[in-house]
1. For the structure I just gave you, tell me whether LEU88 is more than 22 Å from ILE30 (Cα to Cα), buried (at least 16 other Cβ atoms within 10 Å of the Cβ) and either modelled with pLDDT of 80 or more or under 20 Å from the mean Cα position of the chain (by Cα) (or both).
2. Residues of the stretch 20-44 being surrounded by 13 or more Cβ atoms within 10 Å (Cβ to Cβ), of a type in the set (A, V, I, L, M) and either within 20 Å of THR65 (Cα to Cα) or not assigned by the TED database to the domain that holds LEU67 (or both), which ones?
3. Considering only the stretch 26-72, state which residues are among the polar types (S, T, N, Q) and touching a residue at least 24 places away in the same chain (Cβ under 8 Å).
4. Among the numbered criteria (1) surrounded by fewer than 16 Cβ atoms within 10 Å (Cβ to Cβ); (2) modelled with pLDDT under 85; (3) of a type in the set (S, T, N, Q), which one does ASN17 miss?
5. List the number of the failed condition for LYS169; all other conditions in (1) modelled with pLDDT of 85 or more; (2) exposed (fewer than 14 other Cβ atoms within 10 Å of the Cβ) hold.
6. Those residues that are under 20 Å from the mean Cα position of the chain (by Cα) and assigned to a helix (DSSP H, G or I), I need them from the stretch 121-154; list them, please.
7. Take ASP56 and tell me if it is at pLDDT 65 or above, of a type outside the set (A, V, I, L, M, F, W, C) and assigned to a helix (DSSP H, G or I).
8. Quick one: in the stretch 112-150, which of the residues that are among the polar types (S, T, N, Q) and exposed (fewer than 15 other Cβ atoms within 10 Å of the Cβ) is nearest to GLU170 (Cα to Cα)?
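The values are calculated or read from the model by the stated rules, or taken from the named source; none is laboratory data. As the structure is a prediction and not an experimental result, all values here were calculated from the model. In this analysis, Cβ positions are derived from the backbone assuming ideal geometry, glycine residues included, and neighbour counts consider all displayed protein chains.
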Amino acid sequence: MGAINFNDVYADASVRNAVEVVTEQQIRKIPSLALYRDDIQQELWICIAKALEKFDSRHQCSLQTFLDNVIERRVINICQHFISVHGLFSGTVHDVNEDSPAFARDSVRLAELRMDLAVVLARLTPAQRQICEQIMDGKSLRTIAKELGVSDSSFFFLYIQPIRDEFRKEKMEKYLNFY
């Protein structure tokens, strides 16, 4: 059997809708993922493209069932990856008291969040910004401390605590994972 053409799958409205729906479901559960909606969907499409290379209808279920399984299974892994790499607050909507479930759909609130984040990052020293970037790239605090040649406790008090204080001034510490 010939390979399934990715462009045909990408053009299929039901598959596109499934990608959008599962992404929105995850964003409703974890609102801070809304900043990465397009990236999550792009990663999901990459997973679909890779999975299509292995699809063989003679040995597996229908293409639609196969794609539904890939989408449902991969979106959770992708979201967990974004949470850990970007240091996002991973609480659910119910954990965020001041935000409603509509937070993920509120583009004005997201724009404000981006501006607040830019303000906080602008206040940091270049060394502090570099540490934030390393944390967002997935490095552990212990690894960064070793690279700087300081103990874990010194690293926390000299570097992490001042960064957290800047985020607290803007009431944004819940979006970072410095623990």
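1. It is false that LEU88 is more than 22 Å from ILE30 (Cα to Cα), buried (at least 16 other Cβ atoms within 10 Å of the Cβ) and either modelled with pLDDT of 80 or more or under 20 Å from the mean Cα position of the chain (by Cα) (or both).
2. Answer for the stretch 20-44, where residues must be surrounded by 13 or more Cβ atoms within 10 Å (Cβ to Cβ), of a type in the set (A, V, I, L, M) and either within 20 Å of THR65 (Cα to Cα) or not assigned by the TED database to the domain that holds LEU67 (or both): VAL22, LEU44.
3. Across the stretch 26-72, the qualifying residues are GLN26, SER32, SER57, GLN64.
4. The one condition ASN17 does not meet is (2).
5. (1)
6. Selection gives LEU121, ARG129, GLN130, ILE131, CYS132, GLU133, GLN134, ILE135, MET136, LEU141.
7. Criteria not met by ASP56.
8. Looking at residues that are among the polar types (S, T, N, Q) and exposed (fewer than 15 other Cβ atoms within 10 Å of the Cβ), I get THR125.
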